[in-house]
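Note sheet for the following structure.
What follows draws every value from the coordinates through simple rules; no lab data is involved. Keep in mind the model is a prediction, meaning the values are calculated, not measured. Glycine gets a Cβ as well: all are built from the backbone with ideal geometry, and neighbour counts include every protein chain shown.
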Amino acid sequence: MIPTPDVIETDVAVVGSGAAGLMAAIHASAARPDLDITVVSKGIIGRSGCSIMVVGLNASRGPDDSVDRHFRDIVERGLYLNDQELAWNLAAGAPSVVEELESYGCYFDRDPNGDILLTPFAGQSTNRHVARDSQTGFEIMSRLRDQIYRVRPRLLEEVRALDLLLDDDGAVAGLALLDINSGRPLILKARSVVVATGGASTLYRVSSPAREKTGDGMAMSLRAGAELRDMEMMFFLSVGLAAAPSLSSGMLLAEVFRRIGGELRNSDGERFMATYEPEAMEASGTEEAVRALYTEIKEGRGSPHGGVWIDVSHLGAELLEERFPDVVERSRLVGTDITTGPAEVAPVSHFQIGGVVIDTNGETRVPGLFVAGEDAGGAHGAAWTGGNGIVEAMVFGARAGRRAADVASARTRSDPAAAQGAETFRHCFGFLGEGGAETAVDLASELKEAMWQGAGPVCDRAGLDGAQEAIHGLKARASRLSATGPATVNVAWQSILDLHNQIAVAETVVAAATAREESRGVHFRVDHPDRDDAGWLRYTVASAQPRGLQISTRPVQLTRLQPGDQRSQA
């Protein structure tokens with residue numbers, strides 16, 4: 001029997017407690033101090049997710065830098081697939097984000113004059129990377145968490161959002177929730193909702209994000225009628241530790257290792273980058289290195305754990321220990337030591353570039369629904385640069401929070417459509433039972449393998465068709481899963497719910513990758529290997545229709561910068 005849901009009323013509900021979610025709550029409160037705000041977090045607020053892991057953020061603060069220059073870097077890196085208004089607001093909002101964080105007590109690294117130190121970083125045409133040693137994410141999230149205690153919203157920790165609830169007019173009316181520890185259902189009525197749960201790059205067998213990032217926000221937004229864009233754009237790094245079978249697989253070594261003399265070798269002992277990038281060798285660009293590693297592994301020249309080898313030991317233990325102490329320790333955690341010999345590495349899914357279609361305030365086509373952070377798409381185009389993701393989260397988290405507060409103030413409260421919450425809970429609690437021969441963990445492993453084999457950094461139509469067929473089969477099998485035991489702290493049950501969202505997002509990734517018949521940025525089709533601006537300066541759009549998932553395309557709006565322009569239009 002399904003317990004009767006407890007009902008909570010709020011004005012603004014924020015789902016997710018990373019940088020985007022906490023900024024949304026802080027700024028919603030600042031915009032409308034009289035509103036009731038609730039933060040819902042699948043994990044511990046300010047301690048879960050990926051924001052706490054970031055190494056730094058980018059902001060145009062130097063004498064030779066500008067918002068325009070930062071914007072150009074974003075759009076050129078994104079190969080003009082970006083929503084340029086989102087990219088502009090990301091660049092324009094970055095300096096004030098740094099100032100805001102300083103006002104909260106963040107202490108960033110300083111130069112000899114006492115000014116914030118600006119360092120070089122991949123993808124930046126000038127020094128604009130701001131960091132706090134190797135603890136930038138922890139510094140940011142600690143200070144944002146402090147501000148949450150000042151704002152004092154209602155905090156629902158270790159509570160998962162199951163679905164967005166709509167009223168009879170199709171506008172957001174709240175959320176169906178599940179308390180993970182008690183197993184009790186909750187209805188959270190809200191005038192507006194900000195979704196900021198992070199992406200779903202855990203869809204692949206080697207991935208770096210926090211394991212709770214299973215595409216929940218994207219999946220529930222899609223089910224509620226929002227559109228997803230650029231879902232084929234999944235960013236991989238080249239040096240994730242291949243430590244399978246282990247949850248440690250995917251922990252990152254330093255991408256810079258390739259550029260300071262690290263040597264990549266396959267199972268034949270060959271420095272295989274000579275085949276792919278004979279001039280740059282290991283110092284090639286990220287996408288080129290990822291594709292080379294992936295091809296070597298797929299063609300059978302990989303290491304025992306599904307990677308290749310990188311060797312930096314010849315650089316000397318003293319240098320490695322001094323410059324990369326955290327990375328050295330990370331390698332030792334999985335039973336290897338980069339100071340004394342090679343480590344197995346593989347391409348690692350790291351950041352989901354695509355996401356929900358939003359405007360510059362995070363607003364979606366579903367009235368009352370806002371999305372920010374990695375759940376949203378458009379800002380980065382066809383490729384992503386480290387240090388821009390955390391800025392995107394904070395800039396658009398703040399903007400979404402302020403706008404959601406204004407909308408909540410103007411809206412009268414509406415009730416969710418009568419049957420919607422009941423149907424969500426019937427579906428959710430239907431997975432509690434006697435258990436069965438298959439588990440969600442097994443099926444999730446199959447999903448990750450299917451995505452790796454058919455929809456990885458290099459793909460073609462045949463592989464994508466195979467991935468799509470595998471996903472359809474997994475969807476049917478997932479619908480028959482059940483978890484033994486009570487509803488309280490039932491990890492197997494939670495894994496089933498995670499899996500259903502992962503499958504929903506995987507479908508959009510494969511369908512969008514199938515539709516885009518060109519190669520651009522992180523999307524590489526061996527059967528369409530060239531970039532095609534004439535035919536494909538368009539973004540893919542996924543939407544849920546009565547007959548299933550639909551993929552369409554729309555032309556990119558080049559509102560500020562045309563390919564080949566010397567300057568953007570401020």
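Side notes on the structure shown:
- Proportion of all alpha-carbon pairs of the range 420-538 beyond 16 Å (%): 63 percent
- Peptides 188-198, 543-553 ordered by average Cβ neighbours within 10 Å, highest first: 188-198, 543-553
- Dipole of the chain computed with +1 at Lys/Arg Cβ and -1 at Asp/Glu Cβ about the Cα centre; of Thr553, Gly386, Val39, farthest Cα towards the positive end is Val39.
- Taking the charge dipole of the chain about its Cα centre, with +1 at Lys and Arg Cβ atoms and -1 at Asp and Glu Cβ atoms, the residue from Pro153, Thr336, Thr202 reaching farthest to the positive side is Pro153.
- Summarising the amide proton neighbourhood of Leu166: residues at separation of 5 or more, or on other chains, whose placed amide H is nearer than 5 Å comprise Ala173, Ala417.
- For Gly183, the residues whose amide H sits under 5 Å from its own are Val489, ignoring neighbours fewer than 5 places away on the same chain, with H placed 1.01 Å from N.
- DSSP beta bridges in the chain [antiparallel fraction, %, rounded to 5]: 65 percent
- The slack in the chain from Thr412 to Glu255, taken as 0.36 nm per residue of separation less the alpha-carbon distance, amounts to 51.5 nm.
- Karplus 3J(HN,Hα) series, Hz, for the range 515-529 with 6.51 cos²θ - 1.76 cosθ + 1.60 (x for Gly, Pro): 5, 7, 9, 7, 10, 8, x, 7, 9, 10, 10, 5, 8, 9, x
- Taking the DSSP bridge list for the range 1-154 and keeping only pairs wholly inside it, about 45 percent are antiparallel.
- In order along the range 336-346, phi translates into HN-Hα couplings of 10, 8, 5, 7, 10, x, x, 10, 7, 9, 8 Hz, rounded to whole numbers, per the Karplus curve 6.51 cos²θ - 1.76 cosθ + 1.60 with θ = phi - 60° and x for Gly and Pro.
- Order of Arg72, Arg520, Arg323 - criterion: other Cβ atoms within 10 Å of each residue's Cβ, fewest first: Arg323, Arg72, Arg520
- Normalised convex hull volume, the range 300-395, alpha-carbon set, Å³ per residue: 160 Å³
- Given charges at beta-carbon only (K, R positive; D, E negative), |dipole| of the chain in Debye: 1080 debye
- Applying the Karplus relation 6.51 cos²θ - 1.76 cosθ + 1.60 with θ = phi - 60° to the range 492-503 yields 3J(HN,Hα) values of 4, 5, 4, 5, 5, 5, 4, 4, 4, 5, 4, 5 Hz, where x marks Gly and Pro.
- Residues Asp64, Asp533, sorted so that the one with the fewest Cβ neighbours within 10 Å comes first: Asp64, Asp533
- The range 237-347 shape via C-alpha gyration tensor axes, a/c threshold 1.5: oblate
- Oblate is the label for the range 393-488, because the ratio a/c of its alpha-carbon gyration tensor axes (a ≥ b ≥ c) is 1.5 or higher and a/b is not greater than b/c.
- Proxy reagent accessibility, fewest Cβ within 10 Å first, across Lys213, Lys475: Lys475, Lys213
- Rounded to the nearest 20 debye, dipole of the range 420-538 from Cβ charges on Lys, Arg, Asp, Glu: 280 debye
- Per principal axis, descending, Cα span of the chain in whole Å: 64, 60, 49
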